[in-house]
Amino acid sequence: MRVRNGGPGLGAVLDGLARWCDDIYVVDDRSTDGTAEVLCAHPRVTNVVHARAGLPDDPWLTFAGWPSR
């Protein structure tokens, strides 16, 4: 999953995923709140990739011809 500044609701989302997943992989998209700490504390989060600084703020999963949200 991808997350940016997940905030207080992130734990509940991870708990919901944990009902179906043994391992949760997360891309932390340059969060500036306590997201990293929540991810580190959750037992099912086994892999976290941190997006590098300096990326544009555009949605990075937008493809040509697809509407952006």
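Here is how the numbers come out for the structure above:
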| read-out | value |
| --- | --- |
| Pair list, Cβ < 7 Å and 6+ apart or interchain, from the range 1-23 residues that are farther than 13 Å from Val45 by Cα to residues that are outside any loop (DSSP other than H, G, I, E, B) | Asn5/Thr35; Gly6/Thr35; Gly6/Val38 |
| Top-ranked residue of the range 40-54 - restricted to ones that are modelled with pLDDT under 90 and small (Gly, Ala, Ser), ranked as least open to solvent (accessible area, probe 1.4 Å) | Ala51 |
| The range 33-49 residues that are of a type in the set (Lys, Arg), paired with ones that are surrounded by fewer than 14 Cβ atoms within 10 Å (Cβ to Cβ) and modelled with pLDDT under 95 (beta carbon under 6 Å, 6 or more apart) | none |
| Looking only at the range 22-39, and only at residues there that are assigned to a loop (DSSP other than H, G, I, E, B) and at pLDDT 95 or above, the one that is surrounded by the fewest Cβ atoms within 10 Å (Cβ to Cβ) | Asp22 |
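The values are calculated or read from the model by the stated rules, or taken from the named source; none is laboratory data. Bear in mind the structure is a predicted one, so any value in this text is a computation, not a measurement. All Cβ positions, glycine included, derive from the backbone under ideal geometry; neighbour counts span all protein chains shown. Ligands, DNA and RNA are excluded from the accessible area calculation, which covers all protein heavy atoms including side chains. Shrake-Rupley method; radii C 1.70, N 1.55, O 1.52, S 1.80 Å.
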